[in-house]
Amino acid sequence: MTTAPATARAQFSIERTYAASIDEAWALWTTKSGIESWWGPEGFDVTVTSLDLRPGGDLIYLMTAVAPEQVAFMKRAGMPLTSECKVTYTEVSPPSRLAYKTLADFVPGVAPYEVATIVELKAMADGVKLTITFDAMHDDVWTERARAGHESQMRKLDALLAAQGKGVHSSTLGSPAQAPWHRLHRQGARNLDSR
């Protein structure tokens with residue numbers, strides 16, 4: 001079994017500017033109805049079973065494959081169609097900053113390890129700027145898979161807000177080769193909880 005590195009890993013970020021208020025954006029990240037309306041990659045639905053929004057509190061949810069392509073993939077991979085997932089909050093600073101860790105315990109042959117995420121919201125003249133910074137995974141292949149999953153999830157948020165007339169004004173997203181659309185941060189010693 002491979003052990004994930006104990007030192008700080010590289011990070012990557014996704015940014016968007018929406019025509020929504022900071023309070024509307026905050027609610028999408030911090031309420032049961034908000035989270036269930038967009039959370040998870042495309043082709044998956046989420047049901048929140050517990051939400052304790054405080055440092056040390058947990059968000060527990062069920063993620064279920066619902067689109068035919070995802071259902072087929074999960075079946076071929078021998079994975080359940082529904083998985084229970086848990087987020088542990090490390091910082092809750094309404095309405096501008098949310099930080100949490102998830103346990104990466106699903107990689108065959110790799111010991112479980114934590115992955116940190118920071119969500120920052122900044123009120124702008126024309127809406128709200130959203131910056132999400134993620135730890136990279138233990139290797140480049142799994143980091144690319146994680147990045148693709150986060151981008152898929154963000155497309156769901158984009159569509160939700162667009163349907164409300166509060167769509168994306170700008171974004172940075174894509175692969176490093178498509179810069180400036182995507183930024184991959186190589187900040188080895190940076191501690192996410194110290195920001």
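Per-structure values
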read-out: Matching strands (runs of 3 or more DSSP E) fully within region 1-107 where at least 1 residues are surrounded by fewer than 18 Cβ atoms within 10 Å (Cβ to Cβ) and without any contact (Cβ under 8 Å) to a residue 40 or more places away in the chain; value: 44-51, 58-65, 82-93, 97-104
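Residue-wise test of (1) among the hydroxyl-bearing types (Ser, Thr, Tyr); (2) modelled with pLDDT under 95.
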{"position": "MET1", "(1), (2)": "no, yes"}
{"position": "THR7", "(1), (2)": "yes, yes"}
{"position": "PHE12", "(1), (2)": "no, yes"}
{"position": "ALA25", "(1), (2)": "no, no"}
{"position": "LEU28", "(1), (2)": "no, no"}
{"position": "GLU36", "(1), (2)": "no, no"}
{"position": "PRO41", "(1), (2)": "no, yes"}
{"position": "ASP52", "(1), (2)": "no, no"}
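Here's the yes/no breakdown for (1) at pLDDT 95 or above; (2) under 12 Å from the mean Cα position of the chain (by Cα):
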residue: GLU84; (1), (2): no, no
residue: TYR89; (1), (2): yes, no
residue: LEU98; (1), (2): yes, yes
residue: LYS101; (1), (2): yes, yes
residue: ALA104; (1), (2): no, no
residue: ALA111; (1), (2): no, no
residue: ILE118; (1), (2): yes, yes
residue: ALA125; (1), (2): no, no
residue: PHE134; (1), (2): no, yes
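The values are calculated or read from the model by the stated rules, or taken from the named source; none is laboratory data. Fair warning: this is a prediction, and the values are worked out from it, not measured in the lab. Every residue, glycine as well, gets a Cβ built from its backbone with ideal geometry; the counts of neighbours run over all protein chains shown.
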